[in-house]
Amino acid sequence: MTPRWSVVIPAFNEAQRLPPFLEKVVAYFEGRDEPYEVIVADDGSTDGTPEIVEAGRLGAVRVLRLQPNGGKGAAVRAGMLAATGVYRLFADADGATPIEELKRLEPMLVAGADVVIGSRVLVDPGVSVTTRPHRVAAGRVFNWLVARVGLRGVADSQCGFKAFTAPAAGRLFGALSTRGFGFDVELLLRAKAAGCRIVEVPVNWADQAGSKVSVLRHGPGMLWQIMMARRRIRRRA
């Protein structure tokens, strides 16, 4: 039976943070009483992450082992292309955005959106975003720079909670070439170029300890990846 939802979770050395989030994901979908699948796209972990996930024997969870480590973009791409669901979500392994926030994205897909992205920037009185001040400032600067290179109309390109219809996922991830943390922007640039209907919705989000990406540390490399992606997209337009 075709899953209604596929959830792709990229993971690199997430032996501590991933198992509790996986349990919540499985419990959420088991409560919906509909077919689903969860794909852990393990990006060459060396801490036993895939073995721990497989030993947990949780519901419809399977591990996609990728070797060697290729970057978050490569892991998400592989997971999304392996997915079979009618709708497909990728979510960060730390569970910064609770899986229950899917209820905010799903109606937009059902109503006709091709891509629905969670946002930590859009204001909603029913949503809480908890993060450190320096990350807020760095994120604003990064999003301003991203807008300057062509991704306008998106308040938060980097939230790791994005959903797609199956056709949009196949088309966009099939063409995705950015392997690192800058992949989100290439994905959205391609979606805009393809005429996809993109909707951004506020989601609850809480900063988690152990983050593997820092705008200050990885920002320059991400911007370079984005510039190269924009050049490739324009050449093929």
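Points to keep in mind about this one:
- Shape call, the chain: gyration tensor on alpha carbons, a/c limit 1.5: rounded
- Helical contribution to [θ] at 222 nm, DSSP H n ≥ 4, -39,500 (n - 2.57), averaged over the chain, rounded to 500: -13000 deg cm²/dmol
- Shape class for the stretch 1-91: oblate, because the ratio a/c of the largest to smallest gyration tensor axis (alpha-carbon atoms, square roots of eigenvalues) is 1.5 or more and b/c is at least a/b.
- Spin-label zone in the stretch 148-187 - amide nitrogen under 17 Å from a point set 7 Å from the Cα of residue 228 along the C-beta vector: 175-187
- Estimated at 0.36 nm per residue, the fully extended path between residue 166 and residue 110 surpasses their Cα-Cα distance by 18.9 nm.
- Heavy-atom accessible area order for 205, 224, 5, largest first, 1.4 Å probe: 224, 205, 5
- With contacts taken as Cα pairs under 8 Å and at least 6 residues apart, the chain reaches a relative contact order of 24 percent.
- Mean Cβ count within 10 Å, highest first, over the residues of peptides 6-17, 46-57, 31-42: 6-17, 31-42, 46-57
- Charge context of residue 95, other residues only, Cβ under 11 angstrom, K/R +1, D/E -1: -4
- Annotation for the stretch 66-88 versus the stretch 162-192: alpha-carbon center distance of 11 Å.
- Span-like helix ranges in the chain, DSSP H, alpha carbon extent 24 angstrom or more, Kyte mean at least -1.0: 215-236
The values are calculated or read from the model by the stated rules, or taken from the named source; none is laboratory data. Here the structure is a predicted model, which is why all the values come from computation and not from measurement. In this analysis, Cβ positions are derived from the backbone assuming ideal geometry, glycine residues included, and neighbour counts consider all displayed protein chains. In case anyone asks, the SASA skips ligands and DNA or RNA and just uses the protein heavy atoms, side chains included. Shrake-Rupley method; radii C 1.70, N 1.55, O 1.52, S 1.80 Å.
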